[in-house]
Amino acid sequence: MIEQKSRKLLILSCSNKKKEGLMKAIELYDGPAYHIVRNYLKHRPDNVDVKILSAKHGLIDPDLVISTYDQKMTKEKASEYVKKYENIIKDFVQKYDDIFVYGGKYYKMVIKEVVDSSKIKYSEGGIGKQL
């Protein structure tokens, strides 16, 4: 009998620090978390998926090509995304065994307002501890 790996999802908030231009989201965002994740993805196990929660673009795939922008997540925008992505987030809880959410309070709010599941873990503390 073949043992099946658990499926994992990482949901990353966008980053204030961005490269200039038009490129894949995973490359455009240039904060410390993205340096770590890009390095990890080079040796990525096939049971980990990544989604990005962008203040401007919403819940996106890391390979989506976007351009540099300047927009911060607000409570109002987070509330809008709660409604917009409710069904997708609920599907994530069904599809994945473990979900980790990295980001500030309004990014986390988008997930927390939709579901309360023991499958979901959230980054805590200052940036160093979160990383």
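The values are calculated or read from the model by the stated rules, or taken from the named source; none is laboratory data. Note that this is a predicted model, so its numbers are computed, not measured. For neighbour counting, all protein chains shown are included, and Cβ atoms are generated from backbone atoms with ideal geometry for every residue, glycine included. Keep in mind that these areas ignore ligands, DNA and RNA; they rest on the heavy atoms of the full protein, side chains included. Shrake-Rupley method; radii C 1.70, N 1.55, O 1.52, S 1.80 Å.
Pick from region 99-119 the residues that are among the small types (Gly, Ala, Ser) and in contact (Cβ under 8 Å) with a residue 12 or more places away in the chain: which of them is least open to solvent (accessible area, probe 1.4 Å)? That would be Gly103.
Number of residues in region 61-79 that are surrounded by fewer than 17 Cβ atoms within 10 Å (Cβ to Cβ) and part of a strand (DSSP E or B) equals 2.
Are any residues in region 47-60 at pLDDT 95 or above and open to solvent by 20 Å² or more (accessible area, probe 1.4 Å), and if so, which ones? Passing the criteria: Lys51, Lys56, His57, Leu59. Taking the condition touching a residue at least 24 places away in the same chain (Cβ under 8 Å) and either touching a strand residue (DSSP E or B) at 6+ places or on another chain (Cβ under 7 Å) or exposed (fewer than 12 other Cβ atoms within 10 Å of the Cβ) (or both), does Tyr85 pass? Against the criterion (touching a residue at least 24 places away in the same chain (Cβ under 8 Å) and either touching a strand residue (DSSP E or B) at 6+ places or on another chain (Cβ under 7 Å) or exposed (fewer than 12 other Cβ atoms within 10 Å of the Cβ) (or both)), Tyr85 qualifies. Looking only at residues in region 23-70 that are farther than 14 Å from Leu10 by Cβ and of a type in the set (Ser, Thr, Tyr), the one that is nearest to the chain's Cα centre (by Cα) is Ser54.
A single entry from Asp91, Asp116 fulfils the requirement of being assigned to a helix (DSSP H, G or I), among the charged types (D, E, K, R) and closer than 19 Å to Arg7 by Cα: Asp91.
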